[in-house]
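To keep things clear, I will list the structure first and then write my remarks on it.
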Amino acid sequence: MSFNLSDWALRHRSMVWYMIIVSIVAGVLSYVNLGREEDPSFTIKVMFITAVLPGATAEETREQVTDRIEKKMQELENLKFTRSETFPGRAVVYVELTPETRGAAVTQTWLKIRNMMSDLTPQFPAEFAGYAISDDFGDVYGSIYAFTADGFSPQEVKDRVEEVRSAVLTLPAAGKVELIGTQDPVVHVEFSARKLAALGLDQSTVLATLAAQNAIVPSGIIRTADELIAVRMSGRFAGAEDLAAAPLRVDDTFFTLADVAEVRAGFADPPSSLFRYNGQPAVGLIIGMKQGANILDFGAELTELMDRIATELPVGIELHKVADQPKVVEDSVNHFLRALAEAVAIVLLVSFISLGWRAGLVVTMSIPLVLALTFVILDAMGVTLQRISLGALIIALGLLVDDAMIAIETMIARLEAGDKIAKAASYAWTSIAFPMLSGTLVTVAGFIPIGLNSSQAGEYTLSLFYVIAISLMLSWVVAVLFAPLIGATVLPKHLPHHDPRPGPLRRAFRTLLCAAMRAKWITILATVLLFGSALYGMRHIEQQFFPASDRPELLVDVTMRQNSAIAATDTAMAELDAWLATRPEAQYWTTYVGRSAPRFLLSLDTPTPAPFMGQMVVMTAGLEDRNALRAALEEKSRDMAGVDVFTKLIELGPPVGKPVQYRIMGPDRARLLAEARSLAKVLADDPRLSNITIDEGEPVRVARVVLDQERLRQLGLTQKDVAQALQTLFEGVTITELRDGQTLVDVVARGAEADRTSLASLSSLQLPSPSGVPVPLLSFAHLDWQMEPPVLHARNRVPTISVKAAVTGRNQPATITADLAAKIAAQLETLPAGYKIEPGGVAESSGESQAPIVAVVPLMVLVILTLVMVQVQSFRLMFIVLAVAPLGLIGVVAAMLPSAQPLGFVAILGVLALVGILIRNSLILMAEVQDLLEKGHSHWRAVFEASDSRARPILLTAAAASLALIPISREVFWAPMAFAMMGGIIAGTLITLVFAPALYCVVFGVKPPPKGEEAPPEPVSEGA
């Protein structure tokens, strides 16, 4: 006698009840322990290297620094590409790894890059000033606080926030905690070139004198017979006042530094970046969390700490919460849990209505069992509760009750046939358990493209595969192990024989089924025509990558000309600050000048900091206010000439920046810039696009000092002397440091404001000669005005210029890119060899994410084919089973076109999953046909009875699976997938129930009996 798991469960009731109780308790504990996130985490496999070559042009920096670094990085085996931005004297190289690089391999690669840079350092020019490597590009600072002050200096505010930082770091789960918007104290010594020349002072000598007086230099130790006595020197500067009073001498004339220079304490000028809250200068505290910590617990601890600190701050300093990711996560998870509860209620309602209260109760008890065991495994795997995993649970709900429904339906049918409760409960194992297992495995196989997708988007959605695969496999275990025992306990010992007369709905279905089987060719032709119409309709469904988030924040990117000073950027953003103060939709906002907002969300795009850019994050009350403010901001931006103001929403999934992008690559930058302008015009002609920018920008003017080298030698000067004098005049040089406790204050010597901000100062500049006689600059040099690129971009060492555009309204970037393909191809044909145009933005990211899906589909097909063949062991039956797989597309198009839902990355995954779901139904149907044939039924009657008896459980499962998706059909992220799967399941199931029998009749040549003999003479009880 073969082993029967259901029978074993009935014979070991206490043990199985114990397993049920333990499963529920373990599930509850695991659920409490599961981590919470808003979105699943994914590794941003990007590191950037910043290197400095002072005084070099952008082209010189590219040749001597950027190209060497990129060339070295190309030795990495797991390199996806390098991307560089080269400014005059500064290079930033981004290194991105292949999507297949995961976990420890990423960390090992970062370590290898550090070693490679150490090996590369000797190859840089002697003037190379060093490099910095940042491998924390993907660090998230989910909690941000702003400190504003009235009546306190920036240094006092900074010191106070440093104290708060120290307090935050005492929290066990606190990760990186940093300050932004701080202004470094500096003492400026501003010389007047005319005064120095009039007094015959050599500026370099003065600076050297000041540095020597302030240096910490050992002055010896007196060693007596009894002790050691250290000798200390006085004279070091304590502050700006001491520095101003420093004595100087020219021949017999004595004077102080204040006589020839203005000495004043202040802050770094110009600042590298600025931070404001509601337009008011502020210091920001950005707080990260340790990997693996519970964000809700950390959020509660942090809130308690900050509430206490707020009460201890002095009057005049105020604390403002800017970003609160723990609260966002809590609200997001609770929102999805409510949707999960709604889905559970819908599935239970379907079960109770269709099966009755007793059988519905068995199915009801199966759901928490499956969920509990799923939580246990997810907790062990480290999968968190977030948008993807909770959505996957809702998707799985309608599928996981399928096995329990079939098992209980079979049990009820056996009870109605007169079997005893034990035999009825164990009958499903012998009749339908293995077809159910094959069907479950086929359904799971439909999600293989998600589980094996190596792209960043695949990593983002990976938990979808885990949740569905685990829950569906557990649903089969529950159906054959726990459900029989629960059914034997809840259902009555005996049931009356079922009324053989079918109801009106069943009679209608039998009539339709009989007609479809008799007119089998018409049925097949009608199905093919419907499928062809669906393929045609697919052309009219908009394409999408990931939708924008439904969070209320609005991001505003501000970009100036690439040679703009940070003061100009600050002025433009201050205008937006003032405008936002008049808008009722803006609850509060933060302004970042010279940099972007910290990555408070993993999917946030963070561009390279630069003086010409900034970003604002505006919080609104809800989506209506957010969208209204966005429209008003776009209107406002039209009045700001010369400023690119790009308003955008927070992205879901991997960041892409502006959605429509093209990269033009080739050897000649002048040709690239001309082609970029032509491409920008093509984009500008499309009314669906706006905010079109070229990332390399227009060339900017440069004042070139052309030296007469012969005259320079006669004067005893060198090119270095001239360069240092100009650097000191315009930028300033650090000559020494003042020590204020642990704070080091730079003393910076530079020209007076009138000299360093005027082009005329170049003409009047005088330099001291070795003889002490001032020499006019124009006596040995002349000025030449030239144009240079402000920044050079490259990708894999190839010069690259990107053209980027925003999308207006509800238009989809993928659709626009497809529409522009012909025009882009026409421009590409005019380019010589060595030039190419590549799509970027959404088109590129979507392609990179879908390519691994296409690559894995053959494996999915092979697995499904193998599972089907193992079950049916017939090529003809396998053909019938597989023929229903694409029919879900009919429902997909029928649902998505009227609802105007786009076919995005997640929706494509849902369409692929439909293949497994529909094949499962067909597989169980064909298994029933084979079972009836073995019992001696004719082919016609076997097909008819199997379709008739399996229609109810298949339709119930379809109803549960589709209706359970209603709660997430309201979600921005899940709506396309929900509509696709609802339409596909409903239409695919209905069509399968008539198409598969008709196709069977054609494939096996089944002849219909005379009219009136189609229906079975008695009710079907075997396996029904």
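Each reported figure results from applying straightforward, stated rules to the coordinates on display, with no laboratory input. Predicted model, so just to flag it, every value in this text is computed and none were measured. Because the Cβ atoms are built from the backbone with ideal geometry, glycine has one as well, and the counts that use them run over all protein chains shown.
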**Report entry** Contact order normalised by residue count of the chain, Cα under 8 Å, 6+ apart, percent
**Finding:** 18
Report summary line: Net charge (Lys, Arg +1; Asp, Glu -1) of residues whose beta-carbon lies under 13 Å from that of LEU999, LEU999 excluded, is +2
Requested in this report: Subtract the Cα-Cα distance of ASN78 and ARG11 from 0.36 nm times their separation in residues, and report this length gain in nm to one decimal.
Outcome: 18.5 nm
**Report entry** Residue-span extension gain [LEU505 to ALA821] - 0.36 nm each, minus C-alpha spacing
**Finding:** 108.6 nm
Report summary line: With label points set 7 Å from each Cα along the Cα-to-Cβ direction at GLN587 and LEU623, the distance between them in nm comes to 1.7
**Report entry** Label-point separation, ARG671 to HIS540 (7 Å along Cα→Cβ), nm
**Finding:** 4.5
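Could you compute the FRET efficiency for ARG638 and ALA126, with r as their C-beta to C-beta distance and R0 at 56 Å, rounded to 0.05? Could you put the intermediate results ahead of the total?
On the way: r = 50 Å, r/R0 = 0.89.
About 0.65, to the nearest 0.05.
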Query raised in the report: So, counting K/R as plus one and D/E as minus one, what does the shell of residues with Cβ under 9 Å around GLY175 add up to?
Result: +1
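Compute the FRET efficiency between ASP139 and ARG165 as 1/(1 + (r/R0)^6), taking r as their Cβ-Cβ distance and R0 = 22 Å, and round to the nearest 0.05. Spell out each step's value before the answer.
Details: r = 16 Å, r/R0 = 0.72.
Efficiency, from the Cβ-Cβ distance: 0.90.
What size of dipole, in debye to the nearest 20, comes out for the chain about its Cα centre when the only charges are +1 on Lys and Arg C-beta atoms and -1 on Asp and Glu C-beta atoms?
Roughly 3900 debye, rounded to the nearest 20.
Using 1/(1 + (r/R0)^6) with R0 = 60 angstrom and r between the beta carbons of THR718 and ASP550, what's the FRET efficiency to the nearest 0.05?
On the way: r = 63 Å, r/R0 = 1.06.
Given R0 = 60 Å and the Cβ-Cβ separation, E is 0.40.
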Report summary line: Rounded to whole angstrom, the alpha-carbon centroid of the stretch 966-996 lies from that of the stretch 846-891 at a distance of 18
Report task. Would you mind pulling out the separation of the Cα centroids of the stretch 681-749 and the stretch 635-679, in Å? Result -> 26
Query raised in the report: In debye to the nearest 20, how big a dipole does the stretch 46-134 give about its Cα centre with +1 on each Lys and Arg Cβ and -1 on each Asp and Glu Cβ?
Result: 280
Requested in this report: Between ALA515 and ARG970, with labels modelled 7 Å along Cα→Cβ, what's the label distance in nm to one decimal, could you check?
Outcome: 3.9
Query raised in the report: In whole Å, how far is the Cα centre of the stretch 135-168 from that of the stretch 358-386?
Result: 43
Query raised in the report: Going through the DSSP H helices of the chain, which span 20 Å or more along their own axis at the Cα atoms while scoring at least 1.6 as a mean Kyte-Doolittle hydropathy?
Result: 357-381, 462-477, 905-934, 975-1003
Report task. Report the extension gain between SER899 and ALA26 in nm, rounded to one decimal, defined as 0.36 nm multiplied by the number of residues separating them, less their alpha carbon distance. Result -> 310.1 nm
Report task. Give, as ranges by residue number, the residues of the stretch 754-772 whose backbone N falls under 19 Å from the point 7 Å along Cα→Cβ of ALA565. Result -> 754-765
Query - Given charges at Cβ of Lys, Arg, Asp, Glu: the stretch 46-134 dipole, positive-most of THR121, PRO99, LEU79 - result: PRO99
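Could you list ASP639, ASP139 in order of exposure, starting from the residue whose Cβ has the fewest other Cβ atoms within 10 Å? Provide the component values of the computation, followed by the final result.
On the way: ASP639 10, ASP139 16.
Lowest count first: ASP639, ASP139.
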